[in-house]
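One structure is given below, encoded as structure tokens.
The values are calculated or read from the model by the stated rules, or taken from the named source; none is laboratory data. Keep in mind that what you see is a predicted model, and the values were worked out from it rather than measured. Reconstructed Cβ throughout: ideal geometry from the backbone, glycine too, with neighbour counts over all protein chains shown. For the accessible areas, the whole protein counts, side chains as well, though only heavy atoms, and no ligand, DNA or RNA atoms are used. Shrake-Rupley method; radii C 1.70, N 1.55, O 1.52, S 1.80 Å.
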Number of protein chains: 2
Amino acid sequence: MDADKTEEGLGPLDSLLGYHLRRAGSVVGGAFSRAVSGTTLRQVPFAILSVIAANPGIKQGTAGQILGIQRANMVALINELVEAGYIDRQAAQDDRRAFALACTTKGQVALDHFTGEILRHEADLLADFSPADRKKLMQLLRRIEAREPSEAD
Amino acid sequence: MDADKTEEGLGPLDSLLGYHLRRAGSVVGGAFSRAVSGTTLRQVPFAILSVIAANPGIKQGTAGQILGIQRANMVALINELVEAGYIDRQAAQDDRRAFALACTTKGQVALDHFTGEILRHEADLLADFSPADRKKLMQLLRRIEAREPSEAD
DNA sequence: CCTAGATTGATATACGGCATAACATAATTG
DNA sequence: CAATTATGTTATGCCGTATATCAATCTAGG
């Protein structure tokens, strides 16, 4: 057998974590798509909705910080959620520049419903993963995420 | 303590694998950026270069299939690598429509160099991960990737 | 052999995520 | 109060990806 073959046909790429994260993310993204199929909901707006629901009155910029979304890009996303009737935007009391965001009833219902669907499809994908493996995977990913705010270039 | 708080301020999002894969992917993407800083190399062209280097004479479409890149999007990417002098494109002997792609010496040197840099920066990011954890993470991600070609909608 | 269908690369086009620059308004600090 | 900073906003661009369409070529069936 070929002894100089890293693995499949990926070459050194196969040893890179970044590549596998991107591919696995795409596969699990498919589960999201199936979970919300028939709607126009996307991952990023869903994430924002979840953060707002978990933090009633949160400001637009803060929500963006939590998710790593820049202010400029939040504007259209928040507009989208407001127009969908999922969130409510009103002037913040302590800061006349900022908006206090809150989830509407409709938004909460949608969040609950889609969360269930997504979890169901993700569980489908991980059907033959042991509970220990699923837990370990989440732990490892969270540890990586925690490594974001290091030194810049 | 608040007992109805999932975790941070993420809400149900925090229980979703897809979210954590995207965030972790972004963090590790930062390691890639630092590894190639000063150049214009991107993750996708790098991946293509690696696959071509590992499979001399591979056809454009096949390389795309391996990486999940569609034919239409491969064209510009391959052009880019050719113009950079990293790969060589010549008519395939067995199919006059197709191109046989091969890595140039310059491409191989670049691949080796950048692979080393990326590995170094990724290792930096995973500095306090045990070898067992690193191995486990790669294993779990590869298992997820293997679940791509299931039923469609 | 020769036509019908499939395959390969290519072009055009569009959308979503993300980045930077610049601006107005409001808050904060010295 | 003046200078600086923070917030939301607009404009703009790049990258990754998706679809539709096309020409050239290959492949299979009649």
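Relative contact order of chain A: 22 percent, from C-alpha pairs under 8 Å at least 6 residues apart in sequence. What is the Cα centroid distance between the range B:48-123 and the range A:48-120, reported in whole angstrom? Cα centroid to Cα centroid, the span is 42 Å. Peptides A:60-69, B:27-36, B:75-84, A:79-88 ranked from most to least packed, by the mean per-residue count of other Cβ atoms within 10 Å: B:27-36, A:60-69, A:79-88, B:75-84. Association of chains A and B removes close to 5600 square angstrom of accessible area from solvent, both sides included, for a probe radius of 1.4 Å. Once the Cβ-Cβ distance of A:Ala72 and A:Ala127 is raised to the sixth power relative to R0 = 30 Å, the FRET efficiency obtained is 0.15.
Taking the protein heavy atoms of the protein assembly as shown in the context of the full set of protein chains, the accessible area attributed to carbon and sulfur is 50 percent at 1.4 Å. State the percent of C-alpha pairs, over all pairs in the range B:14-123, separated by a distance greater than 16 angstrom. Considering the range B:14-123, 61 percent of its Cα-Cα pairs are separated by more than 16 Å.
With +1 on each Lys and Arg Cβ and -1 on each Asp and Glu Cβ, and nothing else charged, work out how big the dipole of chain A is about its Cα centre, in Debye to the nearest 20. Please report the intermediate quantities before stating the final value.
Numbers: 18 positive and 20 negative charges, 114 e Å.
Dipole of chain A, to the nearest 20 debye: 540 debye.
What fraction of the Cα pairs in the range B:73-153, stated in percent, has a spacing above 15 angstrom? Beyond 15 Å sits 74 percent of the P(r) for the range B:73-153. Taking all protein chains as they are arranged and a probe of 1.4 Å, the heavy atoms of B:Met74 leave approximately 0 Å² accessible to solvent. For the rotation carrying B onto A, the chain B residue whose Cβ lies nearest the axis, with the distance in whole Å, reads B:Gly25, 3. Taken per residue, the accessible surface of the range A:18-125 reaches 50 Å², heavy atoms only and a 1.4 Å probe. Going from the chain on its own to the full set of protein chains, the range B:48-68 has these residues losing 40 Å² or more of accessible surface (heavy atoms, 1.4 Å probe, no ligands, DNA or RNA): B:Ser50, B:Ile66, B:Leu67.
About its Cα centre, the dipole of the protein assembly as shown is roughly 260 debye, where the only charges are +1 on Lys and Arg Cβ and -1 on Asp and Glu Cβ. Accessible area per residue was computed with a 1.4 Å probe on protein heavy atoms; B:Ser50 scores about 0 Å². Between helix A:71-83 and chain A there is an angle of about 70 degrees, using the helix long axis and the longest principal axis of the Cα atoms.
Once both axes come from the Cα atoms, what is the angle between helix B:131-145 and the longest principal axis of chain B, in degrees from 0 to 90, rounded to 10? Approximately 70 degrees, to the nearest 10.
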